[in-house]
Amino acid sequence: MYRLIALLALWSASSFAAVPVTVQRLDELTRNPQRSVPATVIARNKPALASEITARIDAIPVQVGDMVEAGSVVARLDCRLYESRLAAAEAGVARLEAQRAFSASQLRRAVGLQAKKGISEETVEQRQADLTGLDAQLAAQRESVSQAALDVERCEIRAPMSAVVTARLADTGSLASPGTPLVRLVQLDDLEVSAALREDETIRLSRAGKAVFSYAGEDYPVSLRVILPVVDELARTRESRLRFDGDPAPAGAAGRLKWSGDHPVLPPDYLVRRDGELGVFFVEDDIARFHALPHALEGRPVEVQLPEQTLLVVEGRQRLADGDEIIRATGRD
């Protein structure tokens, strides 16, 4: 009887010393952190189409908001002067071609007379020089025709790509000179996301590869194209460019670039402080072990370098000290 009482007392004492706790696997508690930075959608091509000649503006047949196809006319200039110059240049070609034909005929007759000793060699050489000179004049005149034709083409300003008209920069009836902007376009099928990143963020985004651009309550999948190898001198950031994987967000949209971290982190709720250090308690053979996390900060998620199957103490950890015996009360293990 006395022996039974002693055994019961010993069991009661040992049960009192063990701390009841709840444990859970580390991989069930960690999560991939979400990163987020401000970002903007930019169009890689947004040209301001300008006049290349001096002429009066006859018409700008587009309005702000119009969609235009590549090759569509967005402005017309008064072309009468340039059409006249083209006609004059073409007439000059016709005149020189006639002169060349006559000169070639003279050369052939001179060569025939020379064979009969009826004309001097010097005269033949002169006829050959006249023909060569006319060939050079004809080549130059044909270049004048090409240049005049190019000026006539410039009387119509055409869209270089499919785009939307975002501004009319001149008025019908105004005089345009070379460089005068007429219409601004934005190409909508060549958009990218631009975001300024700190150095640590560039590393994390590079590892993630995939991200989303969040705007107006919608997420647009994007993929990293490049991180510029230039650091902004003031902000100490580097620009990243990402391409849309599907339908793009509107050009000029300001939203946020979001991506998941490459290393799972533990929420700060499971951290405890012992001897001035933050860390976690894990279970090893029903013994509580304190694992210090030197880089942990109060209220911040932290990466835990322990095996994924490690059992962390999730409840009852505040009463524990390193080396305490534990009793697993509830929880998944």
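The values are calculated or read from the model by the stated rules, or taken from the named source; none is laboratory data. As the structure is a computational prediction, the values presented were derived from the model and not from experiment. Cβ: placed from backbone, ideal geometry, glycine included. Neighbour counts: every protein chain shown.
Filtering segment 215-243 down to residues that are in contact with a Lys or Arg (Cβ under 8 Å, 6 or more places away or on another chain) and outside any strand (DSSP E or B), which residue is nearest to VAL37 (Cα to Cα)?
THR237
For GLY246, all conditions in the list (1) assigned to a loop (DSSP other than H, G, I, E, B); (2) out of contact with any Pro (no Cβ under 8 Å at 6 or more places or on another chain) hold save one; what is the number of the exception?
(2)
Of the residues that make up segment 98-117, is at least one assigned to a loop (DSSP other than H, G, I, E, B) and in contact (Cβ under 8 Å) with a residue 40 or more places away in the chain? Spell out the reasoning first.
If we filter segment 98-117 for residues that are assigned to a loop (DSSP other than H, G, I, E, B), which is where we start, we get 116-117.
So of that shortlist, the ones also in contact (Cβ under 8 Å) with a residue 40 or more places away in the chain come out as none.
No.
When you look at LEU197, is it buried (at least 19 other Cβ atoms within 10 Å of the Cβ) and in contact with a Phe, Trp or Tyr (Cβ under 8 Å, 6 or more places away or on another chain), yes or no? So that I can check it myself, show each step before the final result.
Values: buried (at least 19 other Cβ atoms within 10 Å of the Cβ): yes; in contact with a Phe, Trp or Tyr (Cβ under 8 Å, 6 or more places away or on another chain): no.
In short, no.
If GLU192 satisfies every condition in (1) surrounded by 15 or more Cβ atoms within 10 Å (Cβ to Cβ); (2) without any contact (Cβ under 8 Å) to a residue 60 or more places away in the chain but one, which is the exception?
The failed condition is (2).
Working only within segment 17-26, note down all residues that are assigned to a helix (DSSP H, G or I) and surrounded by 14 or more Cβ atoms within 10 Å (Cβ to Cβ). Give the steps one after another, and end with the answer.
First, the residues of segment 17-26 that are assigned to a helix (DSSP H, G or I): 17, 26.
The answer is LEU26, and nothing else.
If I ask for residues that are crowded, with 16+ Cβ neighbours inside 10 Å and under 60 Å from the mean Cα position of the chain (by Cα), which ones from segment 100-136 would you list?
If the condition is that a residue be crowded, with 16+ Cβ neighbours inside 10 Å and under 60 Å from the mean Cα position of the chain (by Cα), then ARG100, LEU131, LEU134 are the ones that fit.
May I ask you to say which residue of LEU182, LEU205, LEU188 is in contact with a strand residue (DSSP E or B) (Cβ under 9 Å, 6 or more places away or on another chain) and either on the phi > 0 side of the Ramachandran plot or in a loop (DSSP other than H, G, I, E, B) (or both)? Before you say what the answer is, go through the steps one by one.
Working: LEU182 fails: either on the phi > 0 side of the Ramachandran plot or in a loop (DSSP other than H, G, I, E, B) (or both); LEU205 fails: either on the phi > 0 side of the Ramachandran plot or in a loop (DSSP other than H, G, I, E, B) (or both).
Exactly one residue qualifies, and that residue is LEU188.
Filter segment 215-239 for residues that are in contact (Cβ under 8 Å) with a residue 40 or more places away in the chain and farther than 20 Å from SER260 by Cβ; which is surrounded by the fewest Cβ atoms within 10 Å (Cβ to Cβ)? Step through it out loud before you land on a result.
The initial filter retains those residues of segment 215-239 that are in contact (Cβ under 8 Å) with a residue 40 or more places away in the chain, namely 215, 237-239.
Going one step further and asking which of them are farther than 20 Å from SER260 by Cβ, we end up with 237-239.
On the way: THR237: 17, ARG238: 18, GLU239: 15.
Applying the filter and picking the extreme gives GLU239.
Return yes when ARG236 is out of contact with any strand residue (DSSP E or B) (no Cβ under 7 Å at 6 or more places or on another chain), among the basic types (Lys, Arg) and within 30 Å of ILE42 (Cβ to Cβ) and no when it is not. I'd like the intermediate steps shown before the answer.
Working: out of contact with any strand residue (DSSP E or B) (no Cβ under 7 Å at 6 or more places or on another chain): yes; among the basic types (Lys, Arg): yes; within 30 Å of ILE42 (Cβ to Cβ): yes.
The answer is yes for ARG236.
Taking the stated definitions as given, is VAL212 out of contact with any Pro (no Cβ under 7 Å at 6 or more places or on another chain), free of Cβ contacts under 8 Å to residues at least 60 places away in the same chain and in a strand (DSSP E or B)?
Here the answer is no, as VAL212 does not meet what is asked.
Of these, ARG85, ARG108, which one is within 20 Å of SER177 (Cβ to Cβ) and not assigned by TED's automatic domain parsing to the domain that holds PRO181? Walk me through how you get there before you give the answer.
Working: ARG108 fails: within 20 Å of SER177 (Cβ to Cβ).
Residue meeting the stated conditions: ARG85.
Just name the residue that is farthest from GLU192 (Cα to Cα) out of those in segment 29-71 that are polar (S, T, N, Q), in contact with a strand residue (DSSP E or B) (Cβ under 6 Å, 6 or more places away or on another chain) and assigned to a loop (DSSP other than H, G, I, E, B).
Looking at residues that are polar (S, T, N, Q), in contact with a strand residue (DSSP E or B) (Cβ under 6 Å, 6 or more places away or on another chain) and assigned to a loop (DSSP other than H, G, I, E, B), I get THR30.
Do we find a residue being in contact (Cβ under 8 Å) with a residue 40 or more places away in the chain, hydroxyl-bearing (Ser, Thr, Tyr) and more than 30 Å from GLU83 (Cα to Cα) anywhere in segment 158-168?
Yes, there is a match, as at least one residue in segment 158-168 is in contact (Cβ under 8 Å) with a residue 40 or more places away in the chain, hydroxyl-bearing (Ser, Thr, Tyr) and more than 30 Å from GLU83 (Cα to Cα).
Consider VAL145 carefully, then state whether it is touching a residue at least 12 places away in the same chain (Cβ under 8 Å), over 17 Å from PRO178 (Cβ atoms), assigned to a helix (DSSP H, G or I) and touching a helix residue (DSSP H, G or I) at 6+ places or on another chain (Cβ under 6 Å). Give the steps one after another, and end with the answer.
Values: touching a residue at least 12 places away in the same chain (Cβ under 8 Å): yes; over 17 Å from PRO178 (Cβ atoms): yes; assigned to a helix (DSSP H, G or I): yes; touching a helix residue (DSSP H, G or I) at 6+ places or on another chain (Cβ under 6 Å): yes.
Criteria met by VAL145.
Condition check ((1) modelled with pLDDT of 85 or more; (2) more than 38 Å from the chain's Cα centre (by Cα); (3) within 30 Å of ARG243 (Cα to Cα)) across all residues:
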| residue | (1), (2), (3) |
| --- | --- |
| TRP11 | no, yes, no |
| VAL19 | yes, yes, no |
| GLN24 | yes, yes, no |
| PRO33 | no, no, yes |
| VAL37 | yes, no, yes |
| PRO47 | yes, no, yes |
| SER51 | yes, no, no |
